[in-house]
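The values are calculated or read from the model by the stated rules, or taken from the named source; none is laboratory data. Model, not experiment: these values are computed from the prediction. Glycine also receives a Cβ, built like all others from the backbone with ideal geometry; neighbour counts cover every protein chain displayed.
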Amino acid sequence: MQNQETTQSWSGLGVGTDRQSFLKKVTEQLPDYEPELAVEAVFCALTERLPGGIVQQLFEQLSPDVRELVARCEKRADAAPEKLGKEDFYLHVANHLNADPENVRLVLHGVFAALHTQITEAESEKISSQLPDYVKGTWRDSRRGVDRPY
């Protein structure tokens, strides 16, 4: 397998590669969680909070085998974002993972970091502009490679 930093994504837009490398990145960030479940939990919460058009654009940048991981989280392009408060958003992820809500920020950071390897900077900025402040900081920190929270 090629080094992830030098491998173009399936679309040529991002730097990610495939399901295996994506899940490896999640596992590196979150060794105590099942990577597929962590991805699904975070992605489903994220797609509820984003407008459908942004979700569709995000899906289009993912490789087909990564899309399969999050297919049940797909959203219609004309769907409005849910107004989830911080506690509801964190609880959504925690309940999906059967994890402590105190650990959700760590999980968000790990999955976001892996997701950033799959999308372009422009797509990341579009998503960031639609996120509430309580998630936006973690989204941006994970993009910049800031150490994960503990």
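Worth pointing out:
- Put simply, of T138, T120 the only residue that is of a type in the set (V, I, T), out of contact with any Asp or Glu (no Cβ under 6 Å at 6 or more places or on another chain) and more than 14 Å from Q29 (Cβ to Cβ) is T120.
- Sole exception among (1) at positive phi; (2) under 15 Å from the mean Cα position of the chain (by Cα) for N98, by number: (2)
- Pairing residues of segment 41-58 that are over 19 Å from G110 (Cα atoms) with residues that are assigned to a helix (DSSP H, G or I) and among the charged types (D, E, K, R), at Cβ distances under 9 Å and at least 6 apart in sequence or on separate chains, gives I54/E123; I54/K126; Q57/E123; Q57/K126.
- Segment 31-58: number of residues that are farther than 15 Å from C73 by Cβ and either at pLDDT below 50 or within 13 Å of the chain's Cα centre (by Cα) (or both): 1
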